[in-house]
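Just below is one structure, and these are the notes that go with it.
The values are calculated or read from the model by the stated rules, or taken from the named source; none is laboratory data. As the structure is a prediction and not an experimental result, all values here were calculated from the model. When we count neighbours, we look across all protein chains shown, and the Cβ atoms used for this are built from the backbone with ideal geometry, even at glycine. With ligands, DNA and RNA removed, areas are computed over all heavy atoms of the protein, side chains included. Shrake-Rupley method; radii C 1.70, N 1.55, O 1.52, S 1.80 Å.
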Amino acid sequence: MSTASLPVRPALAPNRCLTDSHGRVIHDLRVSITDRCNYKCVYCRSGEGDERYSELSIAEYLRLIGLFVSLGITKVRLTGGEPLLRRGLIEMVQELSRMRTLDGSPLDLAITTNGHLLPSLAAPLKAAGLHRVTVSMDAVEAEVFEKITRVPGSYKTVLAGVRAAREAGLTPIKINCVLLRGFNDHQIEGFARFAREENVVVRFIEFMPLEEGRLWSPEIVVPLTEVVERISKVLPLVALPAHDAGETARRYTFADGIGEIGVIAPVSQAFCGACSRVRLTSDGKIRTCLFSQMDHDLYRRLRSFSGANEPRDRDELEAEDEELRNYIWQTIQGKEARHHIGEPGFLKPSRSMVHIGG
Ligand code: SAM
């Protein structure tokens, strides 16, 4: 993208919001802090190779996140790869909990994790200032779970992690389950019971063509309507109102009001028109859509300032930051209107989910 042809960032947007060229307010930043992962989920990773992209230092992530926040981001979610593998995570959360949004509020701070390291890290993360965790679980039967993660003993460890997170107060705990027909769709009813027994919000997510291999097909996607129908047969569901207009999940409770499930349907009922997200990859590239064909190299710009490793005075730093803010703002103006999953000519994105940050 040539930045020369792009509009210039207004000095201060009237509503102090970061808005894209389609009028969507962008307030949600997802940051991958490593693309390493200790699981090899069969639908996500090929099982060969590991990390592919470099990592920035924690200080560099913090500087870049600070720039996004100064433009209007209010919610930061750390992800990966597996973010709990990253050294310096606790200190990073401490620093993030001190950041303030444009209206002076603390950031809404969350982590998406496979939960494997939560038994030991839940309490320190909460003490550092983390608000909530989302744990990815694709089965509630140990054997099925371990076939998917390809890690023996993983179910027991993740269940202990979920319970440790609850005890630490990282609530409400959300459990994200990606459904693939023929892999784990027989777990749907068990997950509904799990939501009630473990006091967690279980969210089913339609599988998207973001895997390393070539698994995706329209037939493998389990659509929202099917999930709701199947659960309703064993435990009748009642629809809940959305928390806000940009909410991606359709929410339901059960007839007795105990427990909550959600269904996120990016394939069968795309919600791009309400998308409020932007992503930063582990190697410092901006991605304006999960399905982008290109990255925008924010980190290269940061490194291009002469004497990037030398101490600089405040004016020099502020001038650099202003240049980076302009780059972020201009990049967000080019955010895609929508994805094209399932349409003729659909192109897989230039990176898979584990290397973007889900
Ligand atoms: N390791 C962390 C975890 O397991 O939550 C964070 C990274 S992981 C890539 C983030 C989420 O993306 C997980 O919930 C995973 O199930 C989901 N995911 C991976 N590939 C996906 C796909 N093709 N479609 C939908 N979700 C996917």
Per-region count, the range 275-293, residues open to solvent by 10 Å² or more (accessible area, probe 1.4 Å) and not in a loop (DSSP other than H, G, I, E, B): 3
The one condition residue 173 fails out of (1) touching a residue at least 60 places away in the same chain (Cβ under 8 Å); (2) within 15 Å of the ligand (Cβ to nearest atom) is (1)
May I ask you to list pairs of residues, at least six apart or on different chains, whose Cβ atoms are under 9 Å apart, with the first in the range 305-324 being among the aromatic types (Phe, Trp, Tyr) and the second being not in a helix (DSSP H, G or I)? 305/312
Quick check on residue 4: is it of a type in the set (Gly, Ala, Ser), at pLDDT below 90, open to solvent by 10 Å² or more (accessible area, probe 1.4 Å) and outside any loop (DSSP other than H, G, I, E, B)? yes
Does residue 214 fit the bill of being of a type in the set (Lys, Arg) and more than 13 Å from the ligand (Cβ to nearest atom)? no
Take the range 103-122 and flag every residue that is over 14 Å from residue 173 (Cα atoms) and hydrophobic (A, V, I, L, M, F, W, C). 107, 117, 121
Just checking, how many residues over the range 335-358 are away from the ligand (no atom under 16 Å from the Cβ) and either open to solvent by less than 40 Å² (accessible area, probe 1.4 Å) or of a type in the set (Lys, Arg) (or both)? 2
Of the criteria (1) farther than 29 Å from residue 65 by Cβ; (2) surrounded by 14 or more Cβ atoms within 10 Å (Cβ to Cβ), which one residue 257 fails: (2)
Identity of the residue in the range 185-207, closer than 16 Å to residue 264 by Cβ and among the charged types (D, E, K, R), that ends up farthest from the ligand (Cβ to nearest atom): 185
Considering the range 186-217 alone, what residues qualify as being in contact with a Leu (Cβ under 9 Å, 6 or more places away or on another chain), more than 12 Å from residue 174 (Cβ to Cβ) and of a type in the set (Asp, Glu)? 189, 206
Tell me whether the range 204-225 contains one or more residues that are under 18 Å from residue 144 (Cα atoms), open to solvent by 40 Å² or more (accessible area, probe 1.4 Å), among the charged types (D, E, K, R) and out of contact with any helix residue (DSSP H, G or I) (no Cβ under 8 Å at 6 or more places or on another chain). no
Selection within the range 118-142 - assigned to a loop (DSSP other than H, G, I, E, B) and open to solvent by 50 Å² or more (accessible area, probe 1.4 Å): 131, 141
Report yes if residue 36 is within 16 Å of the chain's Cα centre (by Cα), open to solvent by 10 Å² or more (accessible area, probe 1.4 Å) and either within 12 Å of the ligand (Cβ to nearest atom) or among the aromatic types (Phe, Trp, Tyr) (or both), otherwise no. yes
What number goes with the only condition from (1) open to solvent by 20 Å² or more (accessible area, probe 1.4 Å); (2) within 14 Å of the ligand (Cβ to nearest atom) that residue 247 does not pass? (2)
Quickly run through the range 143-156 and pick out the residues that are away from the ligand (no atom under 13 Å from the Cβ) and open to solvent by less than 40 Å² (accessible area, probe 1.4 Å). 144, 153, 155
